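Read through the structure below, which is laid out as structure tokens, and then see the notes.
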Amino acid sequence: MNYPVITEQVLDRVEGSWWSRRRRRDDVPSLPPGAVHVFRVGGNYRAFPEGMVFDPAHPDVLDASSVTLVDTRARLVEVERTLPSVSEADTFSVRVSFTCQVSDPAVVARQGVIDVAVPLHAYLLGDTDLPKAGAGHRVEEINAVRDEVARRMIAYTAVVPPRVPGMSVEYVSAEVKVSESLRAWEETLRNERRTSQLTQFKLDQETQTAARIAEVFAQGSNHVDALSVARQETEVNQVAARIHRIEQEETTRRHDERTADRTHARGMEVAAAQMRRDTVLALLRQMGGSGDYVDYHQVLEQVLRDTGGGSTGLTSGLSDAPMVEAGPSGHPEPEQRHRGKQSQDRRDGFVQSEEDLLD
């Protein structure tokens with residue numbers, strides 16, 4: 001940037017008599033706002049009076065060998081310096097701000113201060129203790145470096161104030177900038193952290209929503225239907241039709257279950273009766289060929305008691321059957337039939353247990 005000297009231009013010698021000498025207006029550059037002309041006359045630098053209308057016949061304008069445009073407005077000037085860190089791979093960048101304003105345009109033109117940042121940067125480099133503010137810290141400890149740099153700059157500018165000839169300079173502040181590598185790293189961490197927080201937030205929201213839905217479901221389908229109707233997501237007649245259909249299906253299912261249970265019970269009873277009949281018939285066949293006296297009525301009563309069955313229908317045809325003992329030929333004798341009527345002989349032929357039947 002060109003501050004405070006905006007531009008410098010060499011002027012040609014004006015020829016002619018003293019009353020006809022006049023410099024052309026085009027030979028002198030126009031002034032921007034806030035600037036003044038400084039003419040070099042001989043070995044001197046003279047500022048054209050501020051606020052005075054430019055006069056091409058002014059002695060300084062006629063005799064000047066060059067002209068300098070100097071900006072006299074106050075400006076904020078920033079200069080930077082690099083500071084080492086504890087690692088050779090990283091550095092700190094310090095930006096120091098000064099307010100500058102031209103106090104003597106002629107001195108500034110003589111010194112040729114085209115860019116005031118140049119002498120200010122040299123001034124900043126003159127502080128040999130400033131690098132110590134960052135030499136003992138890592139780049140991640142930038143806040144600690146900022147504090148030390150601020151304290152050092154306040155002390156340095158108080159003891160050795162900045163000076164630029166023809167200008168007033170004041171220290172404003174010092175800022176330690178974040179390095180691009182650290183900035184990129186911190187941005188990555190921040191984005192990852194935000195992404196993780198967003199993911200956790202969404203998961204929490206989904207968990208809470210699922211819990212609320214589960215509570216609604218736990219209260220039954222009627223509550224779910226009522227909530228759907230309240231939100232105008234389902235018509236009332238649709239819900240009523242579905243409830244009626246479910247009730248009918250439940251009634252049909254219960255009827256089918258009862259029918260199946262009755263059918264199964266009847267089947268079990270028939271099977272049990274058949275099993276008892278088969279057992280009695282097999283037992284009778286076995287005892288008929290044993291040759292011993294058998295009281296069939298007593299045997300049937302005991303068998304039916306042991307198998308859990310009744311005597312109805314099974315013993316009615318055998319209630320009048322005689323208790324006989326088979327003879328050697330397998331047929332009952334008259335005398336034996338007469339003895340079978342005796343009570344003592346009947347007791348001798350009684351079956352006392354299931355083991356006697358097997359024997």
Restricting to the stretch 215-238, and then to whatever is surrounded by fewer than 10 Cβ atoms within 10 Å (Cβ to Cβ) and assigned to a helix (DSSP H, G or I), can you tell me which residue is modelled with the lowest pLDDT? ALA230
Every residue from the stretch 41-55 that is of a type in the set (A, V, I, L, M) and either touching a strand residue (DSSP E or B) at 6+ places or on another chain (Cβ under 9 Å) or surrounded by fewer than 12 Cβ atoms within 10 Å (Cβ to Cβ) (or both): ALA47, MET52, VAL53
Of the residues that make up the stretch 178-200, is at least one closer than 30 Å to GLN101 by Cβ, in the same structural domain as VAL86 (by TED's automatic domain parsing) and either out of contact with any His (no Cβ under 9 Å at 6 or more places or on another chain) or not in a helix (DSSP H, G or I) (or both)? no
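Between ASP204, ASP127, which is of a type in the set (Asp, Glu) and either more than 20 Å from THR91 (Cα to Cα) or surrounded by fewer than 16 Cβ atoms within 10 Å (Cβ to Cβ) (or both)?
ASP204
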Using the structure shown, decide if SER97 is under 30 Å from GLU180 (Cβ atoms), touching a Leu at 6+ places or on another chain (Cβ under 8 Å) and hydroxyl-bearing (Ser, Thr, Tyr). yes
Pairs only if they're at least six apart or on different chains, beta carbon under 9 angstrom, first in the stretch 205-221 and outside the structural domain of ILE246 (by TED's automatic domain parsing), second assigned to a helix (DSSP H, G or I); list them, first residue then second. VAL216/HIS223; VAL216/VAL224; VAL216/LEU227; PHE217/HIS223; PHE217/VAL224; SER221/ARG242; SER221/ILE243; SER221/ILE246
Within the stretch 163-193, which residues are within 13 Å of GLU78 (Cα to Cα) and either over 54 Å from the mean Cα position of the chain (by Cα) or among the β-branched types (Val, Ile, Thr) (or both)? VAL169, VAL172, VAL176
The one condition in (1) farther than 20 Å from THR7 by Cβ; (2) at pLDDT 85 or above that ALA57 fails to fulfil: (2)
Would you tally the residues in the stretch 164-193 being exposed (fewer than 11 other Cβ atoms within 10 Å of the Cβ) and either of a type in the set (S, T, N, Q) or touching a residue at least 40 places away in the same chain (Cβ under 8 Å) (or both)? 2
Report those strands (runs of 3 or more DSSP E) wholly inside the stretch 1-117 carrying at least 2 residues which are in contact (Cβ under 8 Å) with a residue 24 or more places away in the chain and either over 60 Å from the mean Cα position of the chain (by Cα) or more than 28 Å from PRO131 (Cα to Cα) (or both). 5-10, 35-41, 44-47, 66-71, 91-102
Unique match (being touching a Ser or Thr at 6+ places or on another chain (Cβ under 8 Å), modelled with pLDDT of 90 or more and not hydroxyl-bearing (Ser, Thr, Tyr)) among GLU257, GLU175, GLU192: GLU175
Out of curiosity, is THR279 closer than 30 Å to GLU301 by Cβ and either in a loop (DSSP other than H, G, I, E, B) or of a type in the set (Ser, Thr, Tyr) (or both)? yes
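Condition first: assigned to a loop (DSSP other than H, G, I, E, B), more than 30 Å from ILE142 (Cβ to Cβ) and modelled with pLDDT under 90. Can you find one or more residues in the stretch 239-248 that meet it?
no
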Within the stretch 120-141, is even one residue in contact (Cβ under 8 Å) with a residue 60 or more places away in the chain and either farther than 15 Å from PRO162 by Cβ or part of a helix (DSSP H, G or I) (or both)? no
Hey, among the residues in the stretch 56-90 that are among the small types (Gly, Ala, Ser) and out of contact with any Cys (no Cβ under 8 Å at 6 or more places or on another chain), which one's farthest from ARG163 (Cα to Cα)? ALA57
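The values are calculated or read from the model by the stated rules, or taken from the named source; none is laboratory data. The structure displayed is predicted, hence computed values, not measured ones. For neighbour counting, all protein chains shown are included, and Cβ atoms are generated from backbone atoms with ideal geometry for every residue, glycine included.
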